[in-house]
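Notes to accompany the following structure.
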Amino acid sequence: MSSIKEIVFATNNAHKLSEIREIVGDRLTILSLADIGCHDDIPENEDTLEGNALAKARFIKEHYGYDCFADDTGLEVDALGGEPGVRSARYAPGTGHDSMANMRLLLKNMEGKTDRKARFRTVIALIKDGCETVVDGIVEGTIIESQRGCDGFGYDPVFLPEGSPLTFAEMSAEAKNAISHRGRATRRLLQLL
């Protein structure tokens, strides 16, 4: 694959866009969907993280013609049989992506569970020069019993990464990105670019 200076990140999630841009720094210009005039709500109907990431990247390539990458991230909790997994952003009933409702439901479902092991997994699908490539990043940890910290997003306040006394929501963005699932997957993506 040839080296590039800019690429589209197929996401409408401002938090993810900000994290990726911070991880990448000045090595590459990350274009948002708004930058390319895409205001579509890209469907995420697949039953795997890989499937959703590929579907989003293919949507941008097919409809807008840009080489791009897309991600999907899931929190996989052992005691819940891998839930919420691919449904992490839409775990709680209702419409939209309500992070607080998702977190409350997770904590409710974890009541009385002694096995609190979990992992965050990010899958990134890249479409470049007509080729599709998938990479992932995983960080192991545990689900704590109540929220701690005000930074981050999603399940960050209840996820304690292995070897850390701090939840993702208690860490600086730089500290989180150094060890996070998205940071690991993004560094693999950068090796491809």
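Distance from the Cα centroid of segment 129-193 to that of segment 55-95 is 15 Å (rounded to whole angstrom).
Calculate, for residue 90 and residue 111, the FRET efficiency according to 1/(1 + (r/R0)^6) with r their C-beta to C-beta distance and R0 25 Å; round to the nearest 0.05. Approximately 0.70, to the nearest 0.05.
Each of 161, 107, 42 was placed along the dipole of the chain (beta-carbon charges, centred on the mean Cα), and the one lying farthest toward the positive end is 161. Here are some pairs, 56/108; 16/113; 16/117; 16/56; which of them have Cα atoms lying more than 21 Å apart in this structure? Check vs 21 Å cut-off fails for 56/108; 16/113; 16/117.
Largest first, what is the accessible-area ranking of 114, 142, 73 with a 1.4 Å probe?
Working: 114 135, 142 50, 73 25 Å².
Output order, biggest surface exposure first: 114, 142, 73.
Only one residue of 149, 75, 17 has its Cα farthest out toward the positive end of the dipole of the chain, where Lys and Arg carry +1 and Asp and Glu -1 on Cβ, and that residue is 149.
Annotation note: GluC sites (Glu not before Pro) in segment 112-193 located in DSSP loop regions with a Cβ neighbour count of at most 12 within 10 Å are 145, 162. Where is the GNM fluctuation largest for the chain (alpha-carbon springs, 10 angstrom cutoff): 183, 141, 82? For the chain, modelled as a Gaussian network with Cα springs under 10 Å, the answer is 82. For the chain, a crude dipole built from +1 on the beta carbon of Lys and Arg and -1 on the beta carbon of Asp and Glu, taken about the Cα centre, is about 260 debye to the nearest 20. In the set [x] 14; [y] 24; [z] 27, the label that goes with percent of Cα pairs over 28 Å apart computed for this structure is [y].
Shape class for segment 1-86, computed from the alpha carbon gyration tensor (a ≥ b ≥ c): prolate, with a/c not under 1.5 and a/b above b/c.
Projecting the Cα positions of 85, 173, 192 onto the charge dipole of segment 76-193 (unit charges on Cβ atoms of Lys, Arg, Asp and Glu, taken about the Cα centre) puts 192 furthest along the positive direction.
The values are calculated or read from the model by the stated rules, or taken from the named source; none is laboratory data. Quantities reported herein were computed from a predicted structural model and do not represent experimental measurements. Don't worry about glycine lacking a Cβ; one is built from the backbone with ideal geometry, like all the others, and counts go over all protein chains shown. Note: accessible area is taken over every heavy atom of the protein model, side chains too, but ligands, DNA and RNA are not part of it. Shrake-Rupley method; radii C 1.70, N 1.55, O 1.52, S 1.80 Å.
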